[in-house]
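The values are calculated or read from the model by the stated rules, or taken from the named source; none is laboratory data. Small disclaimer: the values here were computed from a predicted structure and weren't measured. All Cβ positions, glycine included, derive from the backbone under ideal geometry; neighbour counts span all protein chains shown.
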Amino acid sequence: MFLLLHRWIWRDPERCARKLFSFAETEADGGRDLVRAAELTQDPTLRRLFMVHAADEDRHAQLFRTRGSQLLRARPGRASPPLELNWVSPGERGLDDLHVHTETDAGLLAFLHLSEKAAAGHFATYVQALKGDPPTSQVFKEVLKDETFHMNYTLAQLIRVAPNGHGVILWQARLGRLWKAYLRLMSGIAGIMGAVMLTIQYFILLPPFAFLAKRAARREAPGWRQIPQDRASNMTSQF
Amino acid sequence: MKILGISAHYHDAAAALLVDGLPVAAVQEERLSRRKNDAAFPMAAIEWCLDEGNLDPDELDAVVFYERPMLKFDRILTCALRAFPHSWRSFPQAMKNTLGEKLWVRGIISSQLGVPRRKVLFCEHHHSHAAAAFLTAPVRDAAILTADGVGEWAAMTVGRASRAPGKTSINLLREIRFPHSLGMLYSTFTAYLGFTVNEGEYKVMGLASYGRPTMVDAVRKVVQRTADGAFQLDLAYFDFHTTAKRSFSAKFIDLFGPPRDPLDPIDLTSPEGQRFADCAASVQRVLEDILVETAKALHLETGLPDLCLGGGVALNGVANHRLLQESGFERIFVPPAPGDAGCALGAALYADRIHFGNPDRNFPDHPFWGPAVEAGTLTSLAQEDRLPAEELHDSLLIPRVALDLAEGRIVGWMDGALELGPRALGHRSILAAPHTVQMRDRLNRDIKHREEFRPFAPVVPLEDADRYFELPPGGKRLAKFMSGVFPVRPEWREKLAAITHVDGTARVQILEPDMAPRLYALLKTYGLLSGIPILLNTSFNLAGEPIVNRSVEGYLTFRRCGIDVLVAGQTRVTKRMQEKAA
């Protein structure tokens, strides 16, 4: 069922191309996060590994971009951009927030390990779903190889930097991801509720004010407007 | 007095600290957070400025925000009402966006810094631009012209300013109000041409050189002159005032044709690519015409020889060149950070000189107010990777780097304090020999990953500039902070192929010896080796990243791209041969 859904999502070449471009952006962002992590860590081994990882992410971005461009160039005609459905088929860290500067080395490694693991799962599904499109499937296969290395090195390094507490840190990272997912969901719901309330207010409360504002706008002469010389003098005012 | 200026929440958040009327520190948040165009409340920048000034927040006499949030909210709400009912989609988003944080600036500053609310002041957006342009310029009296997307209500202002003994004044006389905005006009075309707004405007300017202004009449349909010499946008062609999703309307597409898909590369050999280039050339021409006519009128009105130019539109070097040639002003002063980042400094200066009435001080005429390069860090980083690093005195280092450049190596150059503003002016630069197209292509391919139509800029010593570039009177001042685009003399274009744009121009930086003495010495030494004392100077960053700040950022950038040599302070690091081959 899940595979069928993904086959449907990836079937449209235009959508496929746009998703690949959005993956490319995510990978490039991930690469920048890893460079930031390399800048911040005091551990030379981690710095080197983060840089290798960042280079991989940049290469993935390039792979996705190249394949996306090929698909776009091959499309028969220009259509309006289709729905990308990114919530259903996320990229590597598409749904995860990473604040590198607030993480410890161990916390960051745990986060990376879990997100690489999740991404490997997603990408394995995409390889299956894209059997009808071997070149795109091959891109995911190549990326998947690196994901395995990333999963392994992040776990090995986590064990090295936190030999006694790595299990706890991994659980904390799992719970952190869960908490962030909860927050994202709740803020999404709050956002929808807020938008609905404001839209209702817009149509119920605003019309008379809109009428007045439009009338005032019509009376406004175009062009230059004099600036009252005392306007800037009161610096305590926010108006 | 100790005054902190802050800009935040839209783009280019920054902080600047003034002590007794002179700047102590100023930095953009993005340079510290490493998130390009970071608009968040600039806590890291504030903390760094206070550390640099050895101050606690409670020692500050005032904290000045660069615009008036309530007045801005007034504009957002009024525009939503005026666009009723078409604004129904954007209204909830605009309200959530504004009511969430942007409206409560006094409370945020007060709580984050722990300063009393009475110490928090507000300077109007365009007054901040005007102060950043005038109070940093070495001039007694000047006309003022500011133009950007929008501040609170104003999108363009004109006025005059003076530094009479004991009394400094900045009088903005007239304004053009949103939605009639040159910045929004240019941004709309930026979006239409498939570039990111507030980021891709440079690309439109670069692309314009490849086109012919064949669509000027169409552009003049969407932006019309008014009887009093101002302009107004025909809002039927725009959507930016009704929705945040798209800035141009269906009528705009009817007039100019289908927009470029950002995912499609621009092929300048195709008719479609040429149409986009012509479109860029046309909007560039109309923008220049409006600016020139506005400045001409201002020159006639004020009779002053000098013009201070502020706001994001002042980053348009091609327009600045025309302003200098055609407006009647003898000199034009554009600060190194004419956009919103510079407003942090402008707001603090405005409060100091005008609100508190402190005496005028001569402002140091350079852009280097950020964190300095740390000594020693680069060597230890290079040792981690077993890369050859050497600490050298300048008498050895400068000739060595000049030789690197002459032999075709690309050099990452970090020296002293970080620049404020979008341009690398010699302290965080990538330097290269400017002579061949191959060098330009190599930089684009291996380092900057930019579109091929975007030019690279040169840096030249002051006394050599006239030999290589056609500089009108006043051109040297405009080129001090890379604010003007000038023709390369025809006889040098072939030998300066990496920095000569397709139309024979270059956005030259003219370097005075006291502004960046080590870069100046490098230019001179390179001149002795190559015969031409000019280097290609581009900002030290990779695509999508802010300009590097600390040595570690420079080092890791060097490791990730095709830069051959890195110099930070007195340390020179090179890549191993096998790495370069890889």
Checked the stretch B:549-576 for anything part of a loop (DSSP other than H, G, I, E, B) and either within 14 Å of chain A (Cβ to nearest Cβ) or of a type in the set (Lys, Arg) (or both); matches are B:Asn549, B:Arg550, B:Cys561, B:Gly562, B:Lys575, B:Arg576
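Name the residue that is modelled with the lowest pLDDT, counting only residues in the stretch A:128-137 that are surrounded by fewer than 16 Cβ atoms within 10 Å (Cβ to Cβ) and within 20 Å of A:Thr66 (Cβ to Cβ).
Step one: list which residues in the stretch A:128-137 are surrounded by fewer than 16 Cβ atoms within 10 Å (Cβ to Cβ), which gives A:128, A:131-132, A:134-135.
Narrowing further to those that are within 20 Å of A:Thr66 (Cβ to Cβ): A:132, A:134-135.
Working: A:Gly132: 86, A:Pro134: 91, A:Pro135: 92.
Selected residue: A:Gly132.
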Discussion item. Looking at the structure I just gave you, is A:Glu25 under 30 Å from B:Ser33 (Cβ atoms) and at the interface with another protein chain (Cβ under 10 Å from one of its Cβ atoms)?
Written reply: yes
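Within the bounds of the stretch A:156-163, is there any residue that is more than 30 Å from A:Ser187 (Cα to Cα) and in a loop (DSSP other than H, G, I, E, B)? So that I can check it myself, show each step before the final result.
Here is the first cut: in the stretch A:156-163, the ones more than 30 Å from A:Ser187 (Cα to Cα) are A:156-163.
Narrowing the set further to residues that are in a loop (DSSP other than H, G, I, E, B) leaves A:162-163.
Checked the stretch A:156-163: at least one residue is more than 30 Å from A:Ser187 (Cα to Cα) and in a loop (DSSP other than H, G, I, E, B).
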Going through the stretch B:74-105 in order, the residues found to be within 8 Å of another protein chain (Cβ to nearest Cβ), over 13 Å from B:His241 (Cβ atoms) and free of Cβ contacts under 8 Å to residues at least 40 places away in the same chain are B:Pro85, B:Trp88, B:Pro92, B:Met95, B:Lys96
Residue hits (the stretch B:272-310; under 19 Å from B:Met156 (Cβ atoms), touching an Asp or Glu at 6+ places or on another chain (Cβ under 6 Å) and part of a helix (DSSP H, G or I)) are B:Val292
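Scan the stretch A:7-59 for residues that are in a loop (DSSP other than H, G, I, E, B), within 19 Å of A:Leu72 (Cα to Cα) and at pLDDT 90 or above and report the count.
Within the stretch A:7-59, the first condition is being in a loop (DSSP other than H, G, I, E, B), and the residues that meet it are A:12, A:41-43.
From what's left, within 19 Å of A:Leu72 (Cα to Cα): A:12.
Add one more test, that the residue is at pLDDT 90 or above, and what stays is none.
Number satisfying all stated conditions: 0.
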Counted residues in the stretch B:166-175 being more than 17 Å from B:Ser128 (Cβ to Cβ) and either surrounded by 22 or more Cβ atoms within 10 Å (Cβ to Cβ) or touching a residue at least 60 places away in the same chain (Cβ under 8 Å) (or both) come to 2
(1) within 20 Å of B:Arg440 (Cβ to Cβ); (2) among the aliphatic types (A, V, I, L, M); (3) at pLDDT below 95 all hold for B:Ala582 apart from (1)
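Yes/no per residue for (1) free of Cβ contacts under 8 Å to residues at least 12 places away in the same chain; (2) farther than 18 Å from B:Ile253 by Cβ; (3) surrounded by fewer than 23 Cβ atoms within 10 Å (Cβ to Cβ):
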| residue | (1), (2), (3) |
| --- | --- |
| B:Phe195 | no, no, yes |
| B:Glu201 | no, yes, yes |
| B:Asp228 | yes, yes, yes |
| B:Phe231 | no, yes, no |
>> Residues that are within 30 Å of B:Phe65 (Cβ to Cβ), within 14 Å of chain B (Cβ to nearest Cβ) and within 23 Å of the chain's Cα centre (by Cα): does the stretch A:177-188 have at least one?
In response: yes
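Take the residues in the stretch B:328-365 that are aliphatic (A, V, I, L, M) and within 25 Å of B:Ala516 (Cα to Cα); name whichever of them is nearest to the other protein chains (Cβ to nearest Cβ).
The initial filter retains those residues of the stretch B:328-365 that are aliphatic (A, V, I, L, M), namely B:332, B:334, B:337, B:341, B:344-345, B:347-349, B:351, B:354.
Subsequent filtering for residues that are within 25 Å of B:Ala516 (Cα to Cα) retains B:332, B:334, B:337, B:341, B:344-345, B:349.
Details: B:Ile332: 21, B:Val334: 22, B:Ala337: 21, B:Ala341: 20, B:Ala344: 15, B:Leu345: 16, B:Leu349: 13 Å.
Residue satisfying both the conditions and the ranking: B:Leu349.
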B:Leu324 passes all but one of the listed conditions (1) surrounded by fewer than 22 Cβ atoms within 10 Å (Cβ to Cβ); (2) assigned to a helix (DSSP H, G or I); the exception is number (1)
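Which residue, of A:Phe149, A:Phe140, A:Phe123, is more than 12 Å from chain B (Cβ to nearest Cβ) and surrounded by fewer than 17 Cβ atoms within 10 Å (Cβ to Cβ)? It would help to see each step written out before you state the result.
Numbers: A:Phe140 fails: surrounded by fewer than 17 Cβ atoms within 10 Å (Cβ to Cβ); A:Phe123 fails: surrounded by fewer than 17 Cβ atoms within 10 Å (Cβ to Cβ).
Of A:Phe149, A:Phe140, A:Phe123, the one residue that is more than 12 Å from chain B (Cβ to nearest Cβ) and surrounded by fewer than 17 Cβ atoms within 10 Å (Cβ to Cβ) is A:Phe149.
Anything in the stretch A:152-175 that is closer than 25 Å to A:Ala24 by Cβ and either loosely packed, with under 15 Cβ neighbours inside 10 Å or within 14 Å of chain B (Cβ to nearest Cβ) (or both)? List them, or say none.
Our first condition is that a residue be closer than 25 Å to A:Ala24 by Cβ; within the stretch A:152-175, this holds for A:152-154.
Listed by number, the list holds a single entry, A:Asn152.
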Counting only helices (runs of 4 or more DSSP H) entirely within the stretch B:458-535, those with at least 3 residues that are small (Gly, Ala, Ser) are B:517-530
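From the residues in the stretch B:230-248 that are in a loop (DSSP other than H, G, I, E, B) and at pLDDT 95 or above, which one is farthest from the other protein chains (Cβ to nearest Cβ)?
Within the stretch B:230-248, the subset in a loop (DSSP other than H, G, I, E, B) is B:230, B:234, B:239-247.
Remaining after also requiring at pLDDT 95 or above: B:230, B:234.
On the way: B:Ala230: 4, B:Asp234: 11 Å.
It comes out as B:Asp234.
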When A:Pro208 is run through (1) more than 12 Å from chain B (Cβ to nearest Cβ); (2) out of contact with any helix residue (DSSP H, G or I) (no Cβ under 9 Å at 6 or more places or on another chain); (3) in a helix (DSSP H, G or I), the failure sits at (1)
The correct count of residues that are within 14 Å of chain A (Cβ to nearest Cβ) and touching a Pro at 6+ places or on another chain (Cβ under 6 Å) in the stretch B:509-548 is 0
Out of (1) among the hydrophobic types (A, V, I, L, M, F, W, C); (2) surrounded by 11 or more Cβ atoms within 10 Å (Cβ to Cβ); (3) part of a helix (DSSP H, G or I), the one A:Leu178 does not meet is (2)
Of those in the stretch B:353-363 that are assigned to a helix (DSSP H, G or I) and touching a helix residue (DSSP H, G or I) at 6+ places or on another chain (Cβ under 9 Å), the residue nearest to B:Ala26 (Cα to Cα) is B:Arg353
Across (1) more than 14 Å from chain A (Cβ to nearest Cβ); (2) among the basic types (Lys, Arg); (3) over 19 Å from B:Leu315 (Cβ atoms); (4) in contact with a Phe, Trp or Tyr (Cβ under 8 Å, 6 or more places away or on another chain), B:Arg212 clears everything bar (4)
Within the stretch B:238-258, residues being surrounded by 15 or more Cβ atoms within 10 Å (Cβ to Cβ) and either touching a residue at least 60 places away in the same chain (Cβ under 8 Å) or under 25 Å from the mean Cα position of the chain (by Cα) (or both) number 9
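Has the stretch B:49-57 got at least one residue that is of a type outside the set (Phe, Trp, Tyr), within 9 Å of chain A (Cβ to nearest Cβ) and in contact (Cβ under 8 Å) with a residue 12 or more places away in the chain?
Going through the stretch B:49-57, the residues of a type outside the set (Phe, Trp, Tyr) turn out to be B:49-57.
Filter once more, keeping what is within 9 Å of chain A (Cβ to nearest Cβ): none.
Taking every residue of the stretch B:49-57 in turn, none turns out to be of a type outside the set (Phe, Trp, Tyr), within 9 Å of chain A (Cβ to nearest Cβ) and in contact (Cβ under 8 Å) with a residue 12 or more places away in the chain.
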Mind checking whether some residue in the stretch A:79-96 is within 14 Å of chain B (Cβ to nearest Cβ), over 23 Å from the mean Cα position of the chain (by Cα) and modelled with pLDDT under 90?
yes
Scanning the stretch A:211-233 for residues that are assigned to a helix (DSSP H, G or I) and either touching a residue at least 60 places away in the same chain (Cβ under 8 Å) or within 7 Å of chain B (Cβ to nearest Cβ) (or both), the one farthest from B:Asp234 (Cα to Cα) turns out to be A:Ala213
Of the listed residues (B:Ala218, B:Ala154), the one being within 14 Å of chain A (Cβ to nearest Cβ) and among the small types (Gly, Ala, Ser) is B:Ala154
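Anything in the stretch B:58-67 that is outside any helix (DSSP H, G or I) and more than 14 Å from chain A (Cβ to nearest Cβ)? List them, or say none. Let's see the steps before the verdict.
Narrowing the stretch B:58-67 to residues outside any helix (DSSP H, G or I): B:60-67.
Across the stretch B:58-67, the qualifying residue is only B:Leu60.
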